[in-house]
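The structure under discussion appears below in the form of structure tokens.
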Ligand code: HEM
Ligand code: SF4
Ligand code: SF4
């Protein structure tokens with residue numbers, strides 16, 4: 001049984017306790033409120049840029065897009081200009097669909113063996129739904145938090161909040177995003193432990209960000225609806241952080257430090273983990289390239305020089321046999337005058353004249369035995 | 001045939017659940033019937049590939065070079081620096097499992113290490129350990145931590161696991177269609193096999209064809225005279241069937257077009273009938289329109305098992321196509337029916353061996369169609385070419401001659417996901433056959449299933465693996481066989497023709513396999529032909545024996 005999720009769960013609980021308790025001690029507030037978040041922000045920024053630059057340093061030697069639709073060939077055959085894009089515009093649309101709608105994941109199916117011998121495929125939409133809910137909720141939460149860092153709060157953010165709180169339940173008004181984020185994270189976690197094969201491939205490092213985000217969402221919800229943290233103080237604090245004039249206001253409580261610390265951990269964890277799929281998807285060569293590879297030459301910066309077996313080598317080895325069966329040759333057999341028009345049948349061993357750097361000829365490499373022997377049919 | 005397992009046994013042997021032990025703690029068990037034999041050292045040597053030696057996968061000691069680990073680590077680093085694909089794919093997988101049950105080898109075996117994600121993790125775990133900062137730091141704290149982040153050291157057992165599972169991937173890219181980031185496990189397999197190649201861990205079914213191809217121009221090692229013998233054979237058969245004597249041209253300087261197709265079609269049934277099909281089609285075009293298409297024995301291989309060895313080996317074999325086209329002074333190249341051949345041509349050839357500035361932008365002199373899509377590579381697919389001819393009504397066809405067939409079409413992985421050629425072959429087939437049915441949507445086009453034997457895995461000794469991998473495709477064939485009485489499986493790939501024949505015989509014995517051009521040639525009304533009473537397989541055509549052949553309704 002793969003129980004690695006326990007490690008991750010324990011790790012997140014320990015981190016949360018660490019922040020809760022730590023912030024109570026002298027200087028703890030400054031440490032968890034100012035120093036850790038700033039360091040985390042720095043690590044995230046530098047780390048993220050470093051990873052992208054590092055990927056970009058490796059070239060794309062071949063154009064290997066996965067073609068998921070009809071190619072552009074004959075004018076009367078309709079081509080799939082997005083799933084098999086020959087133009088940059090097509091690639092851009094393909095990428096937008098991947099990033100915004102998780103196009104490829106939308107195709108997901110499951111395969112089942114029915115009645116002992118029939119494979120049946122079923123459209124499997126739940127991973128797509130869960131992942132989309134998770135990411136959009138996360139995105140909304142992140143964007144909503146920008147209000148803590150901006151003065152005055154831009155109109156579009158206020159609009160987003162209205163949208164997010166449209167249910168108008170409770171006071172302060174319930175924000176859908178936080179709840180969906182928590183629910184979706186729980187769903188993704190359950191899926192991970194309940195699907196045997198997904199559980200089998202899951203690492204502690206897969207559970208960790210899920211628990212972390214659950215922890216962040218949970219502590220956030222706790223603050224907003226239950227401990228009712230003083231928003232004005234928080235805003236004063238965050239504005240201090242971004243203007244690099246940090247100070248610690250009173251009365252924001254332990255849960256806030258837990259929340260902030262878990263976010264800091266997420267920021268630090270991000271660039272060194274699979275969460276970099278955020279950047280990676282844009283650089284995936286099976287998706288972000290045009291497929292017009294026969295129409296336009298793609299250049300490989302390191303196109304390795306290789307040793308090749310030229311026609312001259314080939315003819316030198318087989319000239320006699322070629323001449324025997326009437327195949328045209330470039331050089332006539334030595335015994336013959338060069339202008340002899342028809343193939344002579346002199347079985348003279350051809351002297352390989354100028355054999356440049358051919359590898360040693362072996363005794364004929366064994367012929368693969370498989371294809372049904374040539375003595376087919378009469 | 002699968003040595004011990006009959007189809008029912010194979011089906012019930014599919015593991016429904018992963019084992020109790022974690023994958024890192026489940027040692028590799030190299031099974032007979034699954035693995036392919038080690039390469040003949042002579043073949044490896046002939047290609048001057050490294051560390052040619054005698055070794056046996058079934059034995060404990062693989063005679064690894066002393067510094068094998070260094071070689072692999074160094075090779076890994078080089079590839080990370082040369083291929084963004086490898087680097088990005090190593091880093092961004094979230095292990096969502098969307099790719100898991102997309103792989104035919106996983107579906108057919110239930111072995112969790114055949115899930116694309118886990119196949120990739122076999123390498124990724126070593127990558128994390130050796131090349132990532134997090135892996136190095138965390139790994140140095142404790143071994144347990146290492147495991148938590150999915151890192152592990154490269155050991156001989158890990159290496160054996162790589163070898164075993166990288167040769168259970170047919171590089172079909174079905175997984176990459178479903179991955180939210182487009183992670184292509186085929187690309188990872190390609191890199192992994194390159195690394196294994198660096199320490200001489202090749203399989204014979206790949207290395208020997210490559211050596212053959214390098215020397216004789218084709219995988220089967222057919223020397224020019226034997227090649228011509230086969231062609232003579234075909235010429236005689238065609239004459240017997242149609243009454244027309246075709247005269248294929250060879251290495252003719254100044255011909256219009258050079259034709260290159262996989263050599264499998266020259267030697268193995270039922271590919272041979274497709275080969276006869278080409279000869280008849282070209283004869284027709286010569287007689288009717290004066291089109292001069294020539295064959296070559298030097299470049300007598302369309303396939304490229306070098307692709308399954310390393311990028312460099314692929315380039316070495318592929319170079320012959322342009323070299324020969326240049327020597328003969330043709331205008332452009334026409335390519336026959338093959339799968340991975342076309343991935344190489346479509347996505348690699350121009351980059352590796354181009355620019356082909358000595359050739360012309362391909363134009364069909366018969367229809368005037370300019371193949372804009374091939375204007376740089378200058379190589380056109382026979383399905384594109386034939387579809388264009390049919391569209392312009394340039395072929396006289398009698399599809400009724402294929403009325404005893406109910407046909408379905410198998411998209412080859414490479415022409416599907418490495419090119420996107422879906423409609424051209426369908427258009428051709430539907431114009432030469434009256435009875436056509438598609439297999440279920442999840443098993444065709446970009447979601448097509450591999451024949452189970454691609455990427456050099458069509459050996460004889462790994463038949464259990466091939467039948468496992470062949471299951472999803474065969475199962476879909478069985479579905480249309482039972483539902484629509486389909487009795488002919490058409491494809492445009494030489495490996496398919498060989499592999500599907502075996503797999504279909506095992507899983508759906510009443511269905512046969514054909515190439516597209518065989519169907520075309522059966523329907524093609526040759527100038528001056530006799531009444532056709534036999535198809536290219538020299539089988540009696542039902543309803544054609546006597547004079548009043550009636551049309552069946554469609
Ligand atoms: C372009 C942007 C992004 C795309 C297209 C994307 C796509 C995906 C997809 C398809 C999954 C699979 C769902 C799953 O594993 O269950 C996933 C997982 C995940 N993503 Fe993203 N993502 C993006 C950005 C982000 C960002 C910014 C975060 C920040 C926290 C994030 C966090 C996660 C996490 C934690 C998972 C794992 C869920 C799990 O373990 O089950 N993603 N992402
Ligand atoms: S679908 Fe992609 S991201 Fe998901 S497990 Fe497979 S390779 Fe990883
Ligand atoms: S490329 Fe094909 S064979 Fe290889 S892992 Fe992916 S689905 Fe399986």
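Residues in the stretch B:79-126 that are more than 10 Å from chain A (Cβ to nearest Cβ) and more than 14 Å from ligand 2 (Cβ to nearest atom): B:105, B:109, B:111, B:126.
When you check residue B:41 against the structure, is it under 29 Å from residue B:453 (Cβ atoms) and either in contact with a helix residue (DSSP H, G or I) (Cβ under 7 Å, 6 or more places away or on another chain) or buried (at least 22 other Cβ atoms within 10 Å of the Cβ) (or both), yes or no? Lay out the reasoning, then the answer.
Values: under 29 Å from residue B:453 (Cβ atoms): yes; either in contact with a helix residue (DSSP H, G or I) (Cβ under 7 Å, 6 or more places away or on another chain) or buried (at least 22 other Cβ atoms within 10 Å of the Cβ) (or both): no.
No.
Taking the stretch B:331-365 as the range and being in a loop (DSSP other than H, G, I, E, B), more than 7 Å from every other protein chain (Cβ to nearest Cβ) and under 23 Å from the mean Cα position of the chain (by Cα) as the test, the residues that pass are B:336, B:337, B:338, B:339.
Any chance the stretch B:418-428 includes a residue that's in contact with a strand residue (DSSP E or B) (Cβ under 9 Å, 6 or more places away or on another chain), in a helix (DSSP H, G or I) and either more than 14 Å from chain A (Cβ to nearest Cβ) or in contact (Cβ under 8 Å) with a residue 40 or more places away in the chain (or both)? Outline the logic, then answer.
First, the residues of the stretch B:418-428 that are in contact with a strand residue (DSSP E or B) (Cβ under 9 Å, 6 or more places away or on another chain): B:419, B:421, B:424-426.
Restricting the remaining residues to those that are in a helix (DSSP H, G or I) gives B:424-426.
Keeping just the survivors that are either more than 14 Å from chain A (Cβ to nearest Cβ) or in contact (Cβ under 8 Å) with a residue 40 or more places away in the chain (or both) gives B:424-425.
Within the stretch B:418-428 (the criterion being in contact with a strand residue (DSSP E or B) (Cβ under 9 Å, 6 or more places away or on another chain), in a helix (DSSP H, G or I) and either more than 14 Å from chain A (Cβ to nearest Cβ) or in contact (Cβ under 8 Å) with a residue 40 or more places away in the chain (or both)), the answer is yes, since at least one residue qualifies.
Taken over the stretch A:237-254, residues that are more than 15 Å from residue A:29 (Cα to Cα) and at pLDDT 85 or above amount to 1.
Residues in the stretch A:63-98 that are buried (at least 21 other Cβ atoms within 10 Å of the Cβ) and over 30 Å from residue B:391 (Cβ atoms): 2 in all. The set of residues in the stretch B:434-468 that are under 14 Å from residue B:410 (Cβ atoms), more than 16 Å from ligand 2 (Cβ to nearest atom) and under 16 Å from the mean Cα position of the chain (by Cα) comprises B:444, B:445, B:448, B:449, B:450, B:451, B:452, B:453, B:454.
Please specify each residue of the stretch A:237-294 satisfying the condition of being outside any loop (DSSP other than H, G, I, E, B), without any contact (Cβ under 8 Å) to a residue 24 or more places away in the chain and away from ligand 1 (no atom under 16 Å from the Cβ). Matches in the stretch A:237-294: A:240 only. The number of residues in the stretch A:269-320 being more than 7 Å from chain B (Cβ to nearest Cβ) and either within 16 Å of ligand 2 (Cβ to nearest atom) or under 19 Å from the mean Cα position of the chain (by Cα) (or both) comes to 11. Restricted to helices (runs of 4 or more DSSP H) entirely inside the stretch B:433-533, those with at least 1 residues that are more than 21 Å from residue B:398 (Cα to Cα) are B:463-484, B:494-507. In the set B:262, B:270, only one residue is within 14 Å of chain A (Cβ to nearest Cβ), under 19 Å from residue B:383 (Cβ atoms) and surrounded by fewer than 24 Cβ atoms within 10 Å (Cβ to Cβ); that residue is B:270. In a residue-by-residue description of the stretch A:201-211, the property of being modelled with pLDDT of 95 or more, farther than 15 Å from residue A:12 by Cβ and within 16 Å of ligand 3 (Cβ to nearest atom) applies to at least one position. Name the one entry in B:252, B:286 that is in a helix (DSSP H, G or I) and touching a strand residue (DSSP E or B) at 6+ places or on another chain (Cβ under 8 Å). Exactly one of B:252, B:286 is in a helix (DSSP H, G or I) and touching a strand residue (DSSP E or B) at 6+ places or on another chain (Cβ under 8 Å), namely B:286.
Got at least one residue in the stretch B:196-204 being within 16 Å of ligand 3 (Cβ to nearest atom) and surrounded by 24 or more Cβ atoms within 10 Å (Cβ to Cβ)? Checked the stretch B:196-204: at least one residue is within 16 Å of ligand 3 (Cβ to nearest atom) and surrounded by 24 or more Cβ atoms within 10 Å (Cβ to Cβ). Quick one: is residue B:458 farther than 26 Å from residue A:80 by Cβ and touching a strand residue (DSSP E or B) at 6+ places or on another chain (Cβ under 7 Å)? Against the criterion (farther than 26 Å from residue A:80 by Cβ and touching a strand residue (DSSP E or B) at 6+ places or on another chain (Cβ under 7 Å)), residue B:458 does not qualify. Please enumerate the residues belonging to the stretch B:9-23 that are more than 10 Å from every other protein chain (Cβ to nearest Cβ) and either assigned to a loop (DSSP other than H, G, I, E, B) or at pLDDT 95 or above (or both). Passing the criteria: B:13, B:15.
Answer yes if at least one residue in the stretch B:216-227 is assigned to a helix (DSSP H, G or I), within 16 Å of ligand 3 (Cβ to nearest atom) and closer than 22 Å to residue B:49 by Cβ, and no otherwise.
No, because not a single residue in the stretch B:216-227 is assigned to a helix (DSSP H, G or I), within 16 Å of ligand 3 (Cβ to nearest atom) and closer than 22 Å to residue B:49 by Cβ.
If I ask for residues that are in contact with a helix residue (DSSP H, G or I) (Cβ under 7 Å, 6 or more places away or on another chain), more than 10 Å from every other protein chain (Cβ to nearest Cβ) and away from ligand 2 (no atom under 16 Å from the Cβ), which ones from the stretch A:112-142 would you list? Of everything in the stretch A:112-142, those that are in contact with a helix residue (DSSP H, G or I) (Cβ under 7 Å, 6 or more places away or on another chain), more than 10 Å from every other protein chain (Cβ to nearest Cβ) and away from ligand 2 (no atom under 16 Å from the Cβ) turn out to be A:133, A:137, A:138, A:140, A:141. Taking the stretch B:138-167, which residues are in contact with a helix residue (DSSP H, G or I) (Cβ under 8 Å, 6 or more places away or on another chain) and over 20 Å from residue B:119 (Cβ atoms)? Once the filter is applied, which keeps residues that are in contact with a helix residue (DSSP H, G or I) (Cβ under 8 Å, 6 or more places away or on another chain) and over 20 Å from residue B:119 (Cβ atoms), the stretch B:138-167 yields B:138, B:139, B:145, B:146, B:148. Residue check: residue B:283 meets all listed conditions (1) in contact (Cβ under 8 Å) with a residue 24 or more places away in the chain; (2) away from chain A (no Cβ under 14 Å); (3) over 22 Å from residue B:516 (Cβ atoms) but one, namely (3). Any residue that is surrounded by 14 or more Cβ atoms within 10 Å (Cβ to Cβ) and farther than 17 Å from residue B:202 by Cα - is there at least one of those in the stretch B:53-72? Scanning the stretch B:53-72, I find no residue that is surrounded by 14 or more Cβ atoms within 10 Å (Cβ to Cβ) and farther than 17 Å from residue B:202 by Cα, so the answer is no.
Can you spot a residue in the stretch B:173-192 that is assigned to a helix (DSSP H, G or I), away from ligand 1 (no atom under 16 Å from the Cβ), away from chain A (no Cβ under 14 Å) and buried (at least 24 other Cβ atoms within 10 Å of the Cβ)? Among the residues of the stretch B:173-192, at least one is assigned to a helix (DSSP H, G or I), away from ligand 1 (no atom under 16 Å from the Cβ), away from chain A (no Cβ under 14 Å) and buried (at least 24 other Cβ atoms within 10 Å of the Cβ), which makes the answer yes. Consider residue B:368 carefully, then state whether it is surrounded by fewer than 24 Cβ atoms within 10 Å (Cβ to Cβ), within 13 Å of another protein chain (Cβ to nearest Cβ), modelled with pLDDT under 95 and more than 16 Å from ligand 2 (Cβ to nearest atom). When the stated conditions are applied, residue B:368 does not pass them.
The values are calculated or read from the model by the stated rules, or taken from the named source; none is laboratory data. Computed from a prediction, not measured in an experiment: that's the story for all the values here. Neighbour counts run over all protein chains shown; Cβ positions are idealised from the backbone, glycine included.
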